[in-house]
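Please read the structure below before turning to the comments.
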Amino acid sequence: MKTRWIFWLLTVTLLAACGGGAAEPASDSLLVTDGTVTKTYTVDDLAKLPVTEATFQEVGYKGVVLAALLQDAGIDPAALKAVKAVASDGYSVNYEPALFLRQDVLVAYAQAAGPLTADDGLLRLVIPDAEGKLNVRMLTKIEAVP
């Protein structure tokens with residue numbers, strides 16, 4: 001009996017230690033950084049910036065053009081090699097300039113018809129006509145790579 005108890009205790013401890021790692025903490029804001037410049041945006045902050053709409057998989061989204069958001073944060077998007085989008089669960093995608101400089105790539109904070117779904121999270125990246133895996137949901141961080 002004591003051996004089983006120790007086994008379960010060790011198992012739970014190991015699972016807890018392995019579970020955290022790469023995931024970003026859940027957040028009510030978006031961090032935009034290039035390593036030297038850092039700015040945090042809430043949904044209300046994003047809604048004050050120029051609004052654009054884009055469609056992905058027949059769903060309309062409202063948000064801020066990614067390149068315009070980078071500029072607002074004090075980062076020159078034309079000088080970047082890449083942009084990395086990070087989700088709250090640790091999932092991330094790197095984008096090359098041909099993608100992140102497009103004027104239809106949005107950091108979306110709402111659907112055109114109402115709020116984002118629970119699966120989308122607080123924010124999501126929307127890239128029309130791109131694979132689903134490139135449209136990061138539960139977005140918490142944008143990392144610019146100079």
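The values are calculated or read from the model by the stated rules, or taken from the named source; none is laboratory data. What you see is a predicted model, and the numbers here were worked out from it, not measured in a lab. Positions of Cβ are generated from backbone atoms using ideal geometry, with glycine treated the same way; all protein chains shown enter the neighbour counts. When the accessible area is computed, the model is the full protein with side chains, heavy atoms only, and any ligands, DNA or RNA have been set aside. Shrake-Rupley method; radii C 1.70, N 1.55, O 1.52, S 1.80 Å.
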What do you reckon, is Val65 under 21 Å from Pro146 (Cα atoms) and at pLDDT 95 or above? yes
Considering only residues that are farther than 16 Å from Met138 by Cα and under 15 Å from the mean Cα position of the chain (by Cα), look in region 58-79 and name the one that is surrounded by the most Cβ atoms within 10 Å (Cβ to Cβ). Leu70
How many residues are in contact (Cβ under 8 Å) with a residue 40 or more places away in the chain, of a type outside the set (A, V, I, L, M, F, W, C) and in contact with a Lys or Arg (Cβ under 6 Å, 6 or more places away or on another chain) if we restrict to region 98-146? 3
I'd like the full set of residues that are open to solvent by 40 Å² or more (accessible area, probe 1.4 Å) and either closer than 16 Å to Leu46 by Cβ or assigned to a strand (DSSP E or B) (or both), limited to region 80-110. Lys84, Ser92, Asn94
If I ask for residues that are of a type in the set (Asp, Glu), crowded, with 17+ Cβ neighbours inside 10 Å and either modelled with pLDDT of 90 or more or over 22 Å from Val126 (Cβ atoms) (or both), which ones from region 12-57 would you list? Asp34
